[in-house]
Amino acid sequence: MSEFFAQFAVPHPSTLIYIAMASIVLGSIALVAVVTYFKLWGYLWREWITTVDHKKIGIMYLIVALVMLFRGGVDAVMMRLQLAVPENSFLDAQHYNEVFTTHGVVMILFMAMPFITFFFNYLVPLQIGARDVAFPRLNNLAFWLFFMGMGLFNISFIIGGSPDSGWTSYFPLAGNEFSTSVGTNYYMLSLQIAGLGTLMTGINFITTIMKMRAPGMTLFKMPMFTWSALIANLIIVFAFPVLTVALAMGTMDRLFDTKFFAIGDGGMDMLWANLFWVWGHPEVYILILPAFGIFSEVISTFSRRNLYGYNSMVWSMIVISVFSFAVWTHHFFTMGQGAFTNSIFSITTMAIAIPTGVKIFNWLFTMYKGKIEMTTPMLYAMHFIPLFTLGGVTGVMLAMSAADYQYHNTMFLVAHFHNVIIPGVVYAMLAGLTFYWPKMFGFMLNERIGKATVWVMSTGFVLAFIPMYITGLDGQARRMYTYSESTGFSMLNMVSFVGAGIMSVSFLMLVWNIWYSFKNSPRDIGSDPWDARGLEWATHTPIPHYNFAITPDVTDSTSEAFWDSKKNGTKLFKGEIKDIHMPNNSGQTFILSVFFFIGGFALVFSMFTLAIISLIGILACMGYRSMEDDHGYHIHKHEVEETEKSYDKKGGAK
């Protein structure tokens, strides 16, 4: 019995891990106590856990993203603190490896991905005039599979030990010989479960966009964010199966001693690197293209003019999506594939900068002669353009395969990646969150605090990452937990630590802004407080469960249908109110995802009997769903009319 429980122990405990364990246990007890005291279990089950409402599912993605932003941010500050001074002992080598591994996975897959999926869920049906997504129950299942994968990954550092072979988990380092704990098992299995949810999301939103657009909305009348969502989800459908297969092969190598990625016995360790980056580089564009869509919505709204070069924006995203599958080898120019191969991928990598540059100029020309209103979302966009351009320029430097031998595996590469992802993705998510906050919650975030947050964040960003370019060019290697004083890196690393601290302050300011605005912001803001342009602003605030009482008709409109209705008198809502068909909630999807969690946890520790039981549970849920007769329900005409009358007649479009 003692041996059974011993396998769950953390192999490298420390004071920080014990503090984290105590915090999680106490926090969980407090959460359960609060929910029980206020008798919220039934409410949570009916309104959130089982919901198929795309808006509520989107908000659940948002909550996960914000929590994981905090989780990954703590990892980042710990790393910068460790490197702030030479020969620091705050983290030892093992814990530093675990921290930078979990930081990368959490920020990319469990923070950035749910953040963009939040926007997919909340905005796409509204922007195309739909009442929900094509497969509402699948949408709920996708969220809970993602959530269970995220949860499985995050319990690793208190049960069994965190993965420690980098967020890329290269073999043979990730094999049993060099990664002896179950940490890498957590990596392999949690990402498979979460990835299944993401793949379902991709299929769902492609179908939704292609089949559920409002009457008159052709493809080239879609809002730019919807276009970016369509292309990003197409990339998901092509890229995520590659990751799923690679993770399954890696899992078999670790659990059953197969040799897919072994150095000998017919295996090939570089096969993992290729499969990972065949998924990994398109993943960058899965994140960045929706961010571009958000910035397009923000910039056109606050420049008070239509987006310049709509068609070129769309085609540039299509070109980027194609090229994203033709550049993966630039992640390992130094690993020996030869000069000819390096040259080909060097050219494709530089070429992908061209359509990206087109978008920069589109945004600049949109602002040119526009009547710019410098709101908080617009300020994020204004800071994004120069900072992201700097990241793009350093990316072209890294694309030169010969020069990459100097840059690769140095802090220069770390600086470049963060220089693209933070201004490109994080700024876009925060701009979009601020922009759509009043539509979601009925009050606006404070502009004064919001603008201060942007400036503090950008100041911290520059101080945190610009010094890394310098230390990287001077030879400071990434993934190294310490360095000697004689290297001369200490001063710039201290500057980076200060910058990371300032960025942390900016995120605390964001939290304060939410609390302050919740307490003090007025609620009588109407349905269109920004004087915006898309259909998502043409419904009431708060948005009814059915989104639109009458499906909008955009036959006589452009891609900015709501703007046309306000400025040109174009009628959006034609016809009369009728009964509305809506899908039923489902608890079965949550139960199914719990079986996936149990199965994943069982396989982490090679408990195959429990894994088989969970598989039976999964198959039983699927079989039950196959025989279930569920046709949804109707909101009757008189209920819709009563709901419409209950809203403030001054808000929304009629």
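Going through segment 225-257 one residue at a time, which ones are touching a Gly at 6+ places or on another chain (Cβ under 6 Å) and either assigned to a loop (DSSP other than H, G, I, E, B) or more than 19 Å from T168 (Cα to Cα) (or both)?
Hits for segment 225-257 are F225, S228, N233, V237.
I'd like the residue in segment 354-411 that is charged (D, E, K, R) and surrounded by 15 or more Cβ atoms within 10 Å (Cβ to Cβ) and, out of all such residues, is nearest to R304 (Cα to Cα). Please lay out each step first, then the result.
Pass one, segment 354-411, residues charged (D, E, K, R): 359, 369, 371, 373, 404.
So of that shortlist, the ones also surrounded by 15 or more Cβ atoms within 10 Å (Cβ to Cβ) come out as 359, 404.
Numbers: K359: 18, D404: 43 Å.
Out of the qualifying residues, it is K359.
Kindly list the number of the only condition in (1) part of a loop (DSSP other than H, G, I, E, B); (2) in contact (Cβ under 8 Å) with a residue 40 or more places away in the chain that fails for F153.
Result: F153 fails condition (1) only.
So P423 passes all but one of these: (1) open to solvent by less than 10 Å² (accessible area, probe 1.4 Å); (2) over 17 Å from L66 (Cα atoms); (3) not hydrophobic (A, V, I, L, M, F, W, C). Which condition number does it fail?
Single failed check for P423: (2).
Is segment 575-583 home to any residue that is within 32 Å of the chain's Cα centre (by Cα), closer than 21 Å to N139 by Cα and assigned to a loop (DSSP other than H, G, I, E, B)?
yes
Please find, within segment 52-110, the residue that is surrounded by the most Cβ atoms within 10 Å (Cβ to Cβ) out of those that are closer than 22 Å to N409 by Cβ and of a type in the set (F, W, Y).
F100
With touching a residue at least 60 places away in the same chain (Cβ under 8 Å) and assigned to a helix (DSSP H, G or I) as the only criterion, which of I17, I29 stands out?
Unique residue meeting the criteria: I17.
Which residue out of F412, F388, F384, F435 is among the hydrophobic types (A, V, I, L, M, F, W, C), without any contact (Cβ under 8 Å) to a residue 60 or more places away in the chain and part of a helix (DSSP H, G or I)?
One residue alone meets the criteria, F388.
List the number of the failed condition for D531; all other conditions in (1) surrounded by fewer than 19 Cβ atoms within 10 Å (Cβ to Cβ); (2) modelled with pLDDT of 95 or more; (3) closer than 30 Å to L572 by Cα hold.
With (1) surrounded by fewer than 19 Cβ atoms within 10 Å (Cβ to Cβ); (2) modelled with pLDDT of 95 or more; (3) closer than 30 Å to L572 by Cα applied to D531, the lone miss is (2).
Would you confirm whether any residue within segment 3-17 is at pLDDT 95 or above, aliphatic (A, V, I, L, M), closer than 27 Å to L508 by Cα and in contact with a helix residue (DSSP H, G or I) (Cβ under 8 Å, 6 or more places away or on another chain)? Before you say what the answer is, go through the steps one by one.
Taking segment 3-17 and keeping what is at pLDDT 95 or above, we get none.
Among the residues of segment 3-17, not one is at pLDDT 95 or above, aliphatic (A, V, I, L, M), closer than 27 Å to L508 by Cα and in contact with a helix residue (DSSP H, G or I) (Cβ under 8 Å, 6 or more places away or on another chain), which makes the answer no.
Residue check: is G149 among the small types (G, A, S), surrounded by fewer than 23 Cβ atoms within 10 Å (Cβ to Cβ) and over 28 Å from S300 (Cα atoms)?
It is false that G149 is among the small types (G, A, S), surrounded by fewer than 23 Cβ atoms within 10 Å (Cβ to Cβ) and over 28 Å from S300 (Cα atoms).
Kindly indicate which of N584, N520 is of a type outside the set (D, E, K, R), over 30 Å from A431 (Cβ atoms) and open to solvent by 50 Å² or more (accessible area, probe 1.4 Å).
Values: N520 fails: over 30 Å from A431 (Cβ atoms).
Exactly one of N584, N520 is of a type outside the set (D, E, K, R), over 30 Å from A431 (Cβ atoms) and open to solvent by 50 Å² or more (accessible area, probe 1.4 Å), namely N584.
Name every residue in segment 339-353 that is part of a helix (DSSP H, G or I) and either of a type in the set (A, V, I, L, M) or surrounded by 14 or more Cβ atoms within 10 Å (Cβ to Cβ) (or both), in order of residue number. Explain how you work it out, then say what you get.
So in segment 339-353, the residues part of a helix (DSSP H, G or I) come out as 339-351, 353.
If the condition is that a residue be part of a helix (DSSP H, G or I) and either of a type in the set (A, V, I, L, M) or surrounded by 14 or more Cβ atoms within 10 Å (Cβ to Cβ) (or both), then A339, N342, I344, F345, S346, I347, T348, T349, M350, A351, A353 are the ones that fit.
Which residues, counting only those in segment 627-643, are over 26 Å from L138 (Cα atoms) and among the acidic types (D, E)?
Those that are over 26 Å from L138 (Cα atoms) and among the acidic types (D, E): E639, E641, E642.
From I318, I286, which residue is at pLDDT 95 or above, within 21 Å of the chain's Cα centre (by Cα) and surrounded by fewer than 24 Cβ atoms within 10 Å (Cβ to Cβ)?
I318
Is it the case, given these coordinates, that W277 is over 30 Å from L126 (Cβ atoms), in a helix (DSSP H, G or I), open to solvent by less than 10 Å² (accessible area, probe 1.4 Å) and in contact (Cβ under 8 Å) with a residue 24 or more places away in the chain? Show your work before the answer.
Values: over 30 Å from L126 (Cβ atoms): yes; in a helix (DSSP H, G or I): yes; open to solvent by less than 10 Å² (accessible area, probe 1.4 Å): no; in contact (Cβ under 8 Å) with a residue 24 or more places away in the chain: yes.
Taking the combined requirement at face value, the residue does not satisfy it.
Within segment 34-62, which residues are within 21 Å of E536 (Cα to Cα) and aliphatic (A, V, I, L, M)?
V52, I57, I59, M60, L62
Could you list, in sequence order, the residues of segment 42-77 that are free of Cβ contacts under 8 Å to residues at least 24 places away in the same chain and under 22 Å from the mean Cα position of the chain (by Cα)?
W48, K56, I63, L66, V67, V74
Of the numbered conditions (1) of a type in the set (V, I, T); (2) farther than 25 Å from P136 by Cβ; (3) at pLDDT 95 or above, I263 fails exactly one; give the number of that condition.
(3)
What residue, of V495, V426, is closer than 21 Å to V393 by Cβ, modelled with pLDDT of 95 or more and part of a helix (DSSP H, G or I)?
Going through V495, V426 in turn, the sole match is V426.
Name the one entry in T482, T539, T471, T453 that is open to solvent by less than 10 Å² (accessible area, probe 1.4 Å), touching a residue at least 12 places away in the same chain (Cβ under 8 Å) and assigned to a loop (DSSP other than H, G, I, E, B).
Matching residue, one of T482, T539, T471, T453: T539.
What number of residues within segment 1-20 satisfy the criterion of being open to solvent by less than 50 Å² (accessible area, probe 1.4 Å) and farther than 13 Å from H95 by Cα?
Final tally of qualifying residues: 2.
Which of the residues that make up segment 289-306 are over 21 Å from the mean Cα position of the chain (by Cα) and either surrounded by fewer than 22 Cβ atoms within 10 Å (Cβ to Cβ) or closer than 20 Å to P241 by Cα (or both)?
Passing the criteria: R304, R305, N306.
From the residues in segment 598-646 that are crowded, with 16+ Cβ neighbours inside 10 Å and not in a helix (DSSP H, G or I), which one is farthest from the chain's Cα centre (by Cα)?
Looking at residues that are crowded, with 16+ Cβ neighbours inside 10 Å and not in a helix (DSSP H, G or I), I get I635.
Which pairs do you get when a residue that is over 22 Å from K221 (Cα atoms), found in segment 561-582, comes within reach of a residue that is open to solvent by less than 70 Å² (accessible area, probe 1.4 Å) and in a helix (DSSP H, G or I), reach meaning Cβ atoms under 7 angstrom, with the pair 6+ apart or on two chains?
I577/V640; I577/E641; I580/V640
The values are calculated or read from the model by the stated rules, or taken from the named source; none is laboratory data. If you're wondering where the values come from, they're calculated on a predicted model, not measured in any experiment. Cβ: placed from backbone, ideal geometry, glycine included. Neighbour counts: every protein chain shown. What goes into the accessible areas is simple: the full protein's heavy atoms, side chains included, and nothing from ligands, DNA or RNA. Shrake-Rupley method; radii C 1.70, N 1.55, O 1.52, S 1.80 Å.
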